[in-house]
Amino acid sequence: MRYYSTNKQVPLSTLRDAVLKGLADDGGLYMPEHIPQFGNSFFSTLRKKTLQEMSLEVAAAFFGGDVAAAPLRGIVYDALNFSIPLTKVTGRLYSLELFHGPTMAFKDVGARFLARLMQYLARNEQSGINVLVATSGDTGSAVANGFLGMAGVAVTVLYPKGLVSKIQESQFTTLGQNVRALEVEGTFDDCQRLVKQAFLDKELNARRKLTSANSINLARFIPQAFYYFWGWAQMPPGSEVVVCVPSGNFGNLSAGLLAQRMGLPIKHFVAANNANDIFLKYLQTAEFSPRSSIATIASAMDVGNPSNFARIMDLYGNDYAKAAAAISGYSYSDAQIRTIVKRVFGGTQYLLDPHGACAYEALREYLENDKNAQGFFLETAHPAKFKETMDEILDDGIAVPGKLQAFMRGAKQSIGISNRYEDFKAFLLQ
Ligand SMILES: *Cc1c(COP(=O)(O)O)cnc(C)c1O
């Protein structure tokens, strides 16, 4: 399989180049040259398969020509070594719990897959690779932990100072080994801009083998499609399935759209936003107007210029009407998010995190107008990752799972840096 850039200004790439580059030289995002199709026989047996089995089939359809069967199986089975339960919350609403991995957020899936595939693709590389990753909280921990201890790989995590939760910060600042954390004076958008600029800097790239682990990377994007198949297969047989995705950079939603394009019978997608409603505005007005992000309590969705918008547009041939017909949007303020968490917990005992709360509510609102459908939303993080916020919302506060407590015990090691590109470049070259 070869991969093209959404900007279409560069030739097709091999898997290796696309994954190690992350972003194409023309600033576009890589997309598969063709999207594999699954037919009825695949879907009629899907319910009998395990998560790992069906993921391997999807992975093989993309990567089978480039990665031999045994290593590919190892990559998939090792990346997905935790469960992804579908839990009924109430009525026609289900939660696909993507937070049972090592850092307790859905990004473990893509990041663990990427780390293993990248190590495989770079196995003959002499000088080692530098992974750069900008994070609004959960990416940094998933990527850092995904690569932790891997020989020949150095990871640099950029995060906005004071804008990620304490637990999130501990998950990438206490690791040591091959992981460094840069605490940037600025927002997530600044972090993302620094990383993008580094990839487009020819001089820097001549001297350092840089690669990206952000959701723009093809090797995070494609594995995120796996669990849409899994979620669909766990729903009551015969149901018309609507899926709602709490969205920031829109990598997760794009992967769902990709799964649908492969034949997965998802009836409709709903994109849930917090106050950063750039995508919702696009659906309402046909104008895509990126702006600075606003800090909210669903901080992993605080994105003002969602990168994967390019992939969504590409999937719909840059046709606004088609995209707007396939996806609905909703947005919620912090006050609304608090109310949703409280109300759902009070009514069902199901505890949503602030991101999942946006998705739950958007799905609930959407299903009001589609009485035949059922739906699942992606519960993208364990609520305890946002302990400060959850403690404010809940009368009793929230217990922190042992897995997260273990991170909190380490000592924070981070390096402060401005949001100026020259400073970041100097750091990378030292
Ligand atoms: C990253 C993240 C999101 C947003 O996912 P995108 O793929 O960037 O749209 C939502 N919820 C949580 C908890 C996250 O960490």
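The set of residues in region 31-71 being part of a helix (DSSP H, G or I) and without any contact (Cβ under 8 Å) to a residue 60 or more places away in the chain consists of ASN40, SER41, SER44, LYS48, GLN52, GLU53, LEU56, GLU57, ALA60, ALA69, ALA70, PRO71. Has region 236-257 got any residue that is open to solvent by less than 10 Å² (accessible area, probe 1.4 Å), away from the ligand (no atom under 13 Å from the Cβ) and not β-branched (Val, Ile, Thr)? No, that holds for no residue. Every listed requirement among (1) of a type in the set (D, E, K, R); (2) touching a strand residue (DSSP E or B) at 6+ places or on another chain (Cβ under 9 Å); (3) touching a residue at least 24 places away in the same chain (Cβ under 8 Å) is met by GLU392 save one, (2).
Restricting attention to region 258-276 and to residues that are open to solvent by 10 Å² or more (accessible area, probe 1.4 Å) and part of a loop (DSSP other than H, G, I, E, B), the residue that is farthest from LEU114 (Cα to Cα) turns out to be ALA275. Could you give every pair whose Cβ atoms fall below 6 Å, whose first residue belongs to region 218-240 and is over 20 Å from ARG116 (Cβ atoms) and modelled with pLDDT of 95 or more, and whose second residue is within 16 Å of the ligand (Cβ to nearest atom) and open to solvent by less than 10 Å² (accessible area, probe 1.4 Å), counting only separations of at least 6 or pairs across chains? Within 6 Å, the pairs are TYR228/GLY256; TYR228/ALA259; GLY231/LEU96; GLY231/PHE376.
Here ASN145 fulfils each of the conditions (1) away from the ligand (no atom under 16 Å from the Cβ); (2) without any contact (Cβ under 8 Å) to a residue 60 or more places away in the chain apart from (1). Listed here are the strands (runs of 3 or more DSSP E) enclosed by region 90-181 that have at least 2 residues being at pLDDT 95 or above and of a type in the set (Ser, Thr, Tyr): 93-97, 153-160.
Looking only at residues that are more than 15 Å from the ligand (Cβ to nearest atom) and not in a helix (DSSP H, G or I) in region 277-288, which one is most open to solvent (accessible area, probe 1.4 Å)? Result: GLU287. Among the residues making up region 154-168, those that are open to solvent by 30 Å² or more (accessible area, probe 1.4 Å), touching a residue at least 12 places away in the same chain (Cβ under 8 Å) and within 26 Å of MET390 (Cβ to Cβ) are LYS161, LEU163, LYS166.
The values are calculated or read from the model by the stated rules, or taken from the named source; none is laboratory data. Predicted model, so just to flag it, every value in this text is computed and none were measured. Note: ideal-geometry Cβ built from the backbone for every residue, glycine included; neighbour counts use all protein chains shown. For accessibility, only protein heavy atoms count, side chains too; no ligands or nucleic acids. Shrake-Rupley method; radii C 1.70, N 1.55, O 1.52, S 1.80 Å.
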